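Report on one structure; see the data block that follows.
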Amino acid sequence: MKLTDGLEKASARFFYSAIAGFFFTNAWYSLVSKLDKNADATLLNYGFADLNGDKIELEPQLEVDRFPLQLYHHVVSRAPLRAKDVLEIGCGRGGGASYVARNLHPRRFVGLDVNKRAIAFDQRFYKEQKNLQFIVSDAHAMPFREGVFDVALNVESSHHYNDMGRFLGEVHRVLKPGGSFLMACFPRKNEPSSLRESLSQSRFECMLEEDITPNVIRALELDSARREEAVLRLCPAPLRTFGREFAGTRGSKLYESFASGKRRYLNFVLKKEI
Ligand SMILES: C[S@@+](CC[C@H](N)C(=O)[O-])C[C@H]1O[C@@H](n2cnc3c(N)ncnc32)[C@H](O)[C@@H]1O
C-alpha cells in the first residue's frame, strides 16, 4: 500500500469519527465560506434526481445547482408555502432559502444556522430579497416565541445535531398548531431506528416517511464531475479527501454507503396537532 493510500484511509476514518462532528460544524463550514470567494457553493446538499428524468424549470444561472435545488423543490412540494411564515433550520449558505423565498412566495422566510460565517455571507448576499432574513442560532434552542411559523424546513442538517429529541421539541414549539415540519436527512451513524424512536417520542404526527436514497444516488452520479471540479478548485490539496467525502463524489465512502444500501436518505412530513 502506498503512503498516500494510507493517508487517504486515515483521513477518511477521521472524517467519520466523533471529533470530526465538532470539526465539521465549527470549522469545516466556516472554511467552506472562506474558500468560496466567488459564492459558487451556496448549496451544500447531495441533491435529488427524478428517476424518470423529469426536471424542474430553472433560470439559466441556477442550472449549475440543479440537483441540490431539486432536493429543496421536492421537500417543499409537500406543503403550501404561498403567503406562509417559513423557518429553515440549518440553511447553510442560503441557496435553497433564496430559491424557495423567490419561487414559492412565502410571506416571510427565516433562515437559521449555527455557523456565523455562513449567516454573515447570507445576510450580505441575499439582502435584496425582502421576504428573506437570516439569523445565527443553534437548532437546539431557537430564539422564537411559541407558534410563530406555519412551516419548518430542515434539509440535510440534522445528522450534525447531538440531541434529536430537543431539536424536535424546539421545532414543535415554534410551529403554529396544524403547522408542517418538512425534513430531509440521512440518519446519523446509519441508524434510522434511533431517528424513528426520537420521532415517535416527539409530539409530531408522521404523515409521510419516504426513502429517497435512489434519487440521491442518481443525483450524485449525474453531478459527480461538477462536485469533483469544485473540490479541486476550492480545496487545498491536503483537504481534498475531506472535500470529496463532504461532496459525496463517486468513490467517496459517503457515496458508497448510499450505493451499497448501508445508509438511507429519508424525507419526512411531520404535523403539529391542531
Ligand atoms: C450539509 S449543510 C446543509 C445546508 C443547507 N441546508 C443546504 O442544503 O445547502 C448542514 C448545515 O447545518 C448547519 N448546522 C449544523 N449543526 C447545526 C445546529 N446545531 N444548529 C443549526 N445549524 C446547524 C451547518 O452549519 C450547515 O450549514
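The values are calculated or read from the model by the stated rules, or taken from the named source; none is laboratory data. Remember, it's a predicted structure, so these values are computed and weren't measured experimentally. Cβ: placed from backbone, ideal geometry, glycine included. Neighbour counts: every protein chain shown.
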query = So which residues in segment 15-47 are aromatic (Phe, Trp, Tyr), touching a Lys or Arg at 6+ places or on another chain (Cβ under 9 Å) and either over 21 Å from Tyr72 (Cβ atoms) or at pLDDT below 80 (or both)?
reply = Phe15, Tyr16
Gly111 in a helix (DSSP H, G or I) and either in contact with a helix residue (DSSP H, G or I) (Cβ under 9 Å, 6 or more places away or on another chain) or surrounded by fewer than 22 Cβ atoms within 10 Å (Cβ to Cβ) (or both) = no
query = Would you pick out the residues in segment 130-144 that are free of Cβ contacts under 8 Å to residues at least 40 places away in the same chain and within 16 Å of the ligand (Cβ to nearest atom)?
reply = Leu132, Gln133, Ile135, Val136, Ser137, Asp138, His140, Ala141, Pro143
message = Could you tell me how many of the residues in segment 89-124 are within 23 Å of Trp28 (Cα to Cα) and more than 13 Å from the ligand (Cβ to nearest atom)?
response = 2
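Residue by residue, here is whether (1) part of a helix (DSSP H, G or I); (2) of a type in the set (A, V, I, L, M, F, W, C); (3) surrounded by 14 or more Cβ atoms within 10 Å (Cβ to Cβ) holds:
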{"position": "Phe144", "(1), (2), (3)": "no, yes, yes"}
{"position": "Ala152", "(1), (2), (3)": "no, yes, yes"}
{"position": "His159", "(1), (2), (3)": "yes, no, yes"}
{"position": "Glu170", "(1), (2), (3)": "yes, no, yes"}
{"position": "Arg173", "(1), (2), (3)": "yes, no, yes"}
{"position": "Met183", "(1), (2), (3)": "no, yes, yes"}
{"position": "Arg196", "(1), (2), (3)": "yes, no, yes"}
{"position": "Leu199", "(1), (2), (3)": "yes, yes, yes"}
{"position": "Arg218", "(1), (2), (3)": "yes, no, yes"}
Check on Phe204, among the aromatic types (Phe, Trp, Tyr), in contact with a Leu (Cβ under 8 Å, 6 or more places away or on another chain), over 25 Å from Asp40 (Cβ atoms) and more than 16 Å from the ligand (Cβ to nearest atom) = yes
The listed residue being over 21 Å from Tyr46 (Cβ atoms), modelled with pLDDT under 90 and away from the ligand (no atom under 14 Å from the Cβ), out of Ser198, Ser193 = Ser193
request  = Kindly establish whether Arg93 is more than 25 Å from Ser200 (Cα to Cα) and either of a type in the set (Val, Ile, Thr) or assigned to a loop (DSSP other than H, G, I, E, B) (or both).
outcome  = yes
query = Taking into account only those residues within segment 41-72 that are within 12 Å of the ligand (Cβ to nearest atom) and part of a helix (DSSP H, G or I), which is nearest to Gly147 (Cα to Cα)?
reply = Tyr72
